[in-house]
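The values are calculated or read from the model by the stated rules, or taken from the named source; none is laboratory data. Fair warning: this is a prediction, and the values are worked out from it, not measured in the lab. Please note: Cβ atoms are built from the backbone with ideal geometry, for glycine as well, and neighbour counts cover all protein chains shown. For accessibility, only protein heavy atoms count, side chains too; no ligands or nucleic acids. Shrake-Rupley method; radii C 1.70, N 1.55, O 1.52, S 1.80 Å.
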Amino acid sequence: PVQTQELANTDGRTHVGTGDLLLSLVQGEGVAAATLKDLGIARQQVKSRLAKVVDKEVPLEGLGTTAELKTAMEAACEAATYPDQVTAQDLLVALAETDGNAGAVLSTLGASDDVIRAGIDRANTQAD
């Protein structure tokens, strides 16, 4: 979360959007980052595509996030195997499913929620 907020601040924004979370995931570690890498999605690609997306995300007053990020976070919580243990994989799938900048970028890169789920399954199988 801190890294995601720092990404937003770097761009001069006070709110965190779905694109910030996607950038944080792509440069992170673990299954979500490995899945994006295996799909050929790198940080610079995401950053470049985000710069081209018309930002339609709606900042939520007092929360510091956009409505789209809030929706993605709620979807990740609902999809989590254990509600108190939301993983980066849950967040990545939720970003792909949610209308927002990250979903638009993932779509243009051919990473639908189904493609991401299959990639996560492969990464988890390789990790075992």
Two pseudo-spin positions, 7 Å from Cα along C-beta at Lys70 and at Asp84, lie apart in nanometres by 2.5
Averaged over all viewing directions, the convex hull of the alpha carbons in the chain casts a projected area in nm² of 7.4
Mean accessible area per residue over the chain (1.4 angstrom probe, all protein chains present, square angstrom) is 56
Rounded to the nearest 500, the 222 nm mean residue ellipticity computed for the chain from DSSP H runs (n ≥ 4, each -39500 (n - 2.57)) alone is -19000 deg cm²/dmol
Counting sequence-distant residues (5 or more places) and residues on other chains, those with an amide H built under 5 Å from that of Thr65 are Val16, Leu60
Each label sits 7 Å from Cα toward the beta-carbon; between Ser48 and Asp121 the label points are separated, in nm, by 3.1
Carbon/sulfur accessible area of the chain, % of total, 1.4 Å probe, equals 52
Karplus ³J(HN,Hα) for the range 56-62 (6.51 cos²θ - 1.76 cosθ + 1.60, θ = phi - 60°; Hz, whole; x = Gly/Pro) runs 10, 5, 9, x, 8, 4, x
So the FRET efficiency between Asp114 and Leu63, C-beta based with R0 = 41 Å and rounded to 0.05, is 0.85
